[in-house]
């Protein structure tokens, strides 16, 4: 354990982490904090499952990372394709998919998809229809449907966080990489980094011991406690993963991949991506004036950021619906990975909205981060 946080300060962080479990913010959690490439806090609290039996949380417990799939799998794969010169942010959907697309979607670019301003709806229960299709035909069925569904708003005029947009991005990766998203990610990142046990895609029939996983919801659709099985219903119906959800991982796995990107951003290495590629994707875009999005990554909101009020404007991160999050302050060189099972056993538990920024604030205070230029904080609006 590093010396970035003094012993008494680590105790205060541990106490707040434990308080989160005691007050029902989550059954259990794992928190990893790193500063300047050194892990300075790495502890767990509570339980990885309460039903059907109580099981203690472990530091190496694998979690359903939910929408962390978007930056850590889908966006990362797009970054690699960009790095190879295969795709460009301003290519249109027809060019990227190498096929005609409906007129209302002709102006959609890769940049629009990555910044959630393409015009697609936020979410829909596609799994209800997909269940009637043969498993091997479901992705084709859904992709055809997504091209046909009218846009909810004109491309580039609003920002609406969209799962369907990232379902399309998975298709873009397949078309331009020639292989599936999991295979491309494994070949270029997970296998070379020996991360296959720390970050991996779920399936509809997980081969791993379910009992090791952090449990998620008592699913009304599947009528069982989910453990080692992807929570997102659409991802489940699509075979266990899609471009928007489906990756599982440990806190250490998330940190190692995030730290790799941070080192590339700072030019400390260039073996997996060119530093300029990472800088391009980490740069906040301005397609929609109020948007906080970089390319596939979020940045702190001026008000109500889940990162709290100490993370600098030069920060990137993302949240996952199951109670997971990653924030990297590139200026202060601080990375915080918070993995929880807050939807176990019910997704209606939203106490993490107010808890997460409090925890981030405490961590940054104990690290001695100067709050100059800190963002204002109110209750966050998203999980």
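The values are calculated or read from the model by the stated rules, or taken from the named source; none is laboratory data. The shown structure was predicted, so the numbers you read here are calculated from the model rather than taken from an experiment. Neighbour counts are summed over all protein chains in view; Cβ atoms, including those assigned to glycine, are modelled from backbone coordinates with ideal geometry.
Residue-wise test of (1) surrounded by fewer than 18 Cβ atoms within 10 Å (Cβ to Cβ); (2) under 25 Å from residue 54 (Cβ atoms).
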site	(1), (2)
288	yes, no
295	no, no
310	no, no
352	no, yes
366	no, no
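If I ask for residues that are in contact with a helix residue (DSSP H, G or I) (Cβ under 9 Å, 6 or more places away or on another chain) and buried (at least 21 other Cβ atoms within 10 Å of the Cβ), which ones from segment 297-308 would you list? Outline the logic, then answer.
Pass one, segment 297-308, residues in contact with a helix residue (DSSP H, G or I) (Cβ under 9 Å, 6 or more places away or on another chain): 297-299, 304-308.
Correct list: 297, 298, 299, 305, 306, 307, 308.
For segment 185-197, a tally of residues being buried (at least 17 other Cβ atoms within 10 Å of the Cβ) and within 18 Å of the chain's Cα centre (by Cα) returns 5.
For (1) crowded, with 22+ Cβ neighbours inside 10 Å; (2) in a helix (DSSP H, G or I), each residue gets a yes or a no:
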| residue | (1), (2) |
| --- | --- |
| 21 | no, yes |
| 24 | no, no |
| 29 | yes, no |
| 34 | yes, no |
| 43 | no, no |
| 48 | yes, no |
| 61 | yes, no |
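For residue 79, indicate whether it is under 21 Å from residue 178 (Cβ atoms) and part of a loop (DSSP other than H, G, I, E, B). Give the derivation first.
Working: under 21 Å from residue 178 (Cβ atoms): yes; part of a loop (DSSP other than H, G, I, E, B): no.
No, not satisfied.
For segment 314-350, the tally of residues that are out of contact with any helix residue (DSSP H, G or I) (no Cβ under 9 Å at 6 or more places or on another chain), surrounded by fewer than 24 Cβ atoms within 10 Å (Cβ to Cβ) and over 20 Å from residue 267 (Cβ atoms) stands at 6. Any chance segment 202-210 includes a residue that's crowded, with 20+ Cβ neighbours inside 10 Å, over 18 Å from residue 319 (Cα atoms) and either touching a strand residue (DSSP E or B) at 6+ places or on another chain (Cβ under 8 Å) or free of Cβ contacts under 8 Å to residues at least 60 places away in the same chain (or both)? Yes, segment 202-210 contains at least one residue that is crowded, with 20+ Cβ neighbours inside 10 Å, over 18 Å from residue 319 (Cα atoms) and either touching a strand residue (DSSP E or B) at 6+ places or on another chain (Cβ under 8 Å) or free of Cβ contacts under 8 Å to residues at least 60 places away in the same chain (or both). For segment 266-291, filtering for residues that are touching a residue at least 40 places away in the same chain (Cβ under 8 Å) and farther than 23 Å from residue 181 by Cα leaves 6.
Using the structure shown, decide if residue 38 is over 26 Å from residue 264 (Cα atoms), out of contact with any strand residue (DSSP E or B) (no Cβ under 9 Å at 6 or more places or on another chain) and surrounded by fewer than 24 Cβ atoms within 10 Å (Cβ to Cβ). Please lay out each step first, then the result.
Details: over 26 Å from residue 264 (Cα atoms): no; out of contact with any strand residue (DSSP E or B) (no Cβ under 9 Å at 6 or more places or on another chain): yes; surrounded by fewer than 24 Cβ atoms within 10 Å (Cβ to Cβ): yes.
When the stated conditions are applied, residue 38 does not pass them.
Somewhere in segment 165-172, is a residue at pLDDT 95 or above and farther than 20 Å from residue 318 by Cα? Steps first, answer last, please.
Taking segment 165-172 and keeping what is at pLDDT 95 or above, we get 165-172.
If we keep only those that are farther than 20 Å from residue 318 by Cα as well, we get 171-172.
Within segment 165-172, one or more residues are at pLDDT 95 or above and farther than 20 Å from residue 318 by Cα.
State whether the residues of segment 165-175 include one that is surrounded by fewer than 20 Cβ atoms within 10 Å (Cβ to Cβ), outside any loop (DSSP other than H, G, I, E, B) and touching a residue at least 60 places away in the same chain (Cβ under 8 Å). Within segment 165-175, one or more residues are surrounded by fewer than 20 Cβ atoms within 10 Å (Cβ to Cβ), outside any loop (DSSP other than H, G, I, E, B) and touching a residue at least 60 places away in the same chain (Cβ under 8 Å).
The set of residues from segment 63-86 being in contact (Cβ under 8 Å) with a residue 40 or more places away in the chain and either surrounded by fewer than 19 Cβ atoms within 10 Å (Cβ to Cβ) or more than 24 Å from residue 232 (Cα to Cα) (or both) comprises 79, 80, 81, 82, 83, 86. Here segment 143-164 is the region considered, the condition is being part of a helix (DSSP H, G or I) and in contact with a helix residue (DSSP H, G or I) (Cβ under 6 Å, 6 or more places away or on another chain), and the residue that is nearest to residue 247 (Cα to Cα) is 164. Filtered by the rule that a residue be over 19 Å from residue 167 (Cβ atoms) and either touching a strand residue (DSSP E or B) at 6+ places or on another chain (Cβ under 7 Å) or modelled with pLDDT under 95 (or both), segment 78-99 gives a lone residue, 90.
In a helix (DSSP H, G or I), closer than 30 Å to residue 290 by Cα and without any contact (Cβ under 8 Å) to a residue 40 or more places away in the chain - does that describe any residue in segment 119-132? Working first, answer last.
Applying the first criterion (in a helix (DSSP H, G or I)) to segment 119-132 yields 126-130.
Then drop every residue that is not closer than 30 Å to residue 290 by Cα, which leaves 126.
The next check asks that each one be without any contact (Cβ under 8 Å) to a residue 40 or more places away in the chain; those that pass are none.
The answer is no; no qualifying residue exists.
Name the single residue that is nearest to the chain's Cα centre (by Cα) among those in segment 273-286 being assigned to a loop (DSSP other than H, G, I, E, B) and surrounded by fewer than 17 Cβ atoms within 10 Å (Cβ to Cβ). Even if it seems obvious, please write down each step before you answer.
In the first step, residues of segment 273-286 are kept if they are assigned to a loop (DSSP other than H, G, I, E, B); the result is 273-274, 283-286.
Going one step further and asking which of them are surrounded by fewer than 17 Cβ atoms within 10 Å (Cβ to Cβ), we end up with 274, 283, 286.
On the way: 274: 22, 283: 17, 286: 21 Å.
In this case the residue turns out to be 283.
For residue 106, the stated conditions hold: it is at pLDDT below 95 and under 30 Å from residue 285 (Cα atoms).
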